[in-house]
Amino acid sequence: MFITPSPRRRARLAAIGALAAGLLALSACAGSPEQKPTASVGEPDPDATLTVGLVLEPTNLDIRHTDGAALEQILVDNIYEGLVSRTQDNQIEERLASSYEVSDDGLTYTFALNESITFHDGSPLTSADVVASYQAVKTDASLQGNAEFANVAAISAPDATTVQITLTKPDQNFLFTLTGPAGLVFKSGDTTDMKTAENGTGPFTLERWTKGSAITFTRYEEYWGEKAGVAEVVFQYIPDFTAGVNAALDGTLDVLTAVDPNLVSQLEDSGEFAITTGRTTDKATLAFNNAAAPLDDVRVREALRLAIDHEALVEAVGAGQTLYGPVPELDPGYEDLSEVAPHDPDRAKELLAEAGHEKLDLTLTIPSFYGTTVAQVLISDLAKVGVTLKVERVEFPTWLEDVYTNHDYELSFVLHVEPRDFGNFANPDYYFGYDNAEVQQLYAEAMAETDPDASADLLAEAARIVSEDHAADWLYNGATLTAHTPAVSGFPKDSINSRIDLTSVTKASD
């Protein structure tokens with residue numbers, strides 16, 4: 001049962017879904033060269049069944065009340081749709097809306113709906129359904145996106161095919177918010193039990209859910225847009241990475257996501273799979289408790305960053321690429337900040353000595369589901385500059401309580417996977433304990449800026465300050481490995497931790 005959360009409780013629920021997705025990202029990161037797909041076999045078969053291997057199964061299907069990447073990954077754009085969606089590289093594009101306009105002052109958003117849209121029960125979608133869906137998000141604190149709708153002043157439908165949303169102040173991220181669960185459109189007054197059933201507008205319908213095993217979608221033949229390229233999709237949930245590879249090799253799967261980099265050679269050597277490496281917004285973050293000694297001293301924080309050989313860490317983990325700031329490449333405001341914290345153990349020793357810590361004992365609190373590689377590298381690198389690192393592995397609920405909620409920690413490590421989450425560093429109450437008025441002002445200005453490029457510039461300026469303050473260390477920007485047979489074409493490769501739009505995927509006949 002979902003319990004209506006307080007703001008802090010909502011934040012913790014969000015962390016559970018996001019950080020669970022981070023576990024998958026860590027397990028699936030790889031920097032191996034991309035294997036080019038071999039030629040497809042035969043013509044696309046519109047009656048084909050596509051079988052996709054995934055790791056994290058949702059606990060229920062109620063995406064309105066339940067947070068988590070496992071739901072967004074399969075339901076958004078496939079079962080449910082919003083007025084707008086986003087591409088693999090996080091660019092916003094129209095979906096249920098054929099077009100949209102934003103007023104010059106950034107306060108009024110006007111959307112024109114596409115024609116002939118129906119819910120899966122056959123009911124036509126009108127602007128009234130959009131208004132009802134969004135009014136619910138605005139007024140019901142139990143719905144996903146309620147906090148992001150705090151700035152919404154009014155939602156109206158001038159006619160059956162037009163929706164207008166008015167904000168109290170400009171919000172550069174508002175359209176992006178509409179690409180997530182908050183922006184999904186549901187039938188007004190629908191009584192569908194969304195935990196086990198659905199009534200969306202997307203190109204697929206839910207056929208069945210065999211809990212603990214698989215979820216099956218079938219093509220919605222009355223779909224308003226481009227019809228799905230396959231007749232059926234079966235998501236096989238295989239939490240064990242070795243079992244997933246075995247299922248691919250024995251022909252059970254057409255596609256395997258979240259491939260363990262330690263096992264990818266088995267798929268490559270078989271000659272039966274193309275391997276793609278996809279970009280993500282996953283930020284492997286070494287969190288510093290900025291509000292407590294000794295991490296309240298910027299010299300200590302900088303020293304820790306300089307002590308870490310990030311390139312060697314990336315190689316050890318198999319992750320995508322180094323990241324020296326809080327904004328990944330797929331988000332607005334990205335800038336290469338590698339010069340801020342280059343590997344320099346000698347300078348790290350000098351800084352620690354200046355801070356009075358030639359010898360220093362620190363504790364790294366890390367959720368137990370993460371592997372040992374990151375911790376081992378950190379122990380080794382920090383020991384070379386006189387820092388003894390004790391690793392405390394805890395169960396995730398304990399991490400949430402001690403680190404995330406009570407801020408009772410020195411160092412921690414998690415993957416922050418959400419896109420556009422720089423606002424965490426503009427929130428002094430967040431578990432980082434980072435409080436910088438200039439960063440907070442720049443972030444507020446970036447969100448209020450109506451020009452996307454100007455907003456990105458402000459974010460970049462704020463991100464540089466955060467990195468130069470050494471508010472955390474960003475160990476790497478994760479990547480995902482996906483394997484598919486030559487018969488499969490059009491399967492997404494980027495950002496698939498957060499969603500997999502299967503509309504344009506095809507499978508060739510045998």
### Task
Could you work out how far helix 345-354 tilts from the main Cα principal axis of the chain, as a 0 to 90 degree angle to the nearest 10?
60
#### Entry: Charge sum, other residues only, whose C-beta stays under 15 Å from Gln91's C-beta, Lys/Arg counted +1 and Asp/Glu -1
-4
### Task
Quote to one decimal, in nm, the extra length available between Thr218 and Ala160 on full extension: 0.36 nm per residue of separation minus the C-alpha distance between them.
18.0 nm
### Task
Work out, step by step, the length gained on full extension between Ser368 and Ala150: first 0.36 nm times the residue separation, then minus their alpha carbon distance; give nm to one decimal.
74.9 nm
### Dipole of the chain, positive direction: furthest Cα of Ala197, Phe288, Leu143, with charges on the beta-carbon
Ala197
### Query
Sorted by average packing, counted as other Cβ atoms within 10 angstrom per residue and highest first, what order do 473-486, 359-372 take?
473-486, 359-372
### Distance in nm between pseudo-label sites at Asp510 and Ser338 (7 Å out along the Cβ direction from Cα)
4.8
### Note, ³J(HN,Hα) from phi for region 495-505, Karplus 6.51, -1.76, 1.60, rounded to Hz, x at Gly and Pro
6, 7, 5, 9, 6, 10, 7, 9, 3, 9, 6
### Message
Considering only C-alpha atoms, what is the centroid distance from region 229-278 to region 412-442, in Å?
### Response
36
### Query
What is the sum of charges around Gly356, taking Lys and Arg as +1, Asp and Glu as -1, for the other residues whose C-beta is under 11 Å from the C-beta of Gly356?
-1
### Query
Stretched out fully, how many nm does the piece from Asp453 to Asp250 gain, at 0.36 nm a residue minus the Cα gap?
68.2 nm
### Query
Going by alpha carbons, how many degrees (0 to 90, nearest 10) lie between the helix axis of 452-468 and the longest principal axis of the chain?
30
#### Entry: Label point distance in nm, Ala383-Ile92, each placed 7 Å from Cα along Cα→Cβ
5.0
### Query
Hey, what did region 32-190 get for relative contact order, percent, Cα under 8 Å, at least 6 apart?
25
### Query
Using the per-residue mean of other Cβ atoms lying within 10 Å as a proxy for protection, in what order, highest first, do the peptides 254-266, 429-441 fall?
254-266, 429-441
## Note on the structure
Quick note, region 95-229: a/c under 1.5 would make it rounded; otherwise a/b > b/c is prolate and the rest oblate (a ≥ b ≥ c, C-alpha gyration tensor); here it is prolate
### Query
Where does helix 298-307 land angle-wise versus the long Cα axis of the chain, in degrees 0 to 90, nearest 10?
80
### Cβ charges +1 (Lys, Arg) and -1 (Asp, Glu), total dipole of the chain, debye
1120
### Simple label model, 7 Å out from Cα along Cβ direction - Ser270 to Arg208, nm
2.5
### Query
Among bridges DSSP assigns within the chain, what percent are antiparallel (round to 5)?
75
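Take the cross-link list Lys138/Lys187; Lys138/Lys283; Lys138/Lys169; Lys187/Lys493; Lys349/Lys390 and give me the ones stretching past 22 Å between alpha-carbons. All intermediate terms of the calculation are to be shown ahead of the outcome.
On the way: Lys138/Lys187 16 Å; Lys138/Lys283 30 Å; Lys138/Lys169 15 Å; Lys187/Lys493 31 Å; Lys349/Lys390 19 Å.
Too far apart for the 22 Å limit: Lys138/Lys283; Lys187/Lys493.
Read-outs: derived from the displayed coordinates by stated rules, not from any lab. Keep in mind that this is a model prediction, so the values were computed, not measured. Every residue, glycine among them, receives a Cβ derived from its backbone with ideal geometry; neighbour counts consider all protein chains shown.
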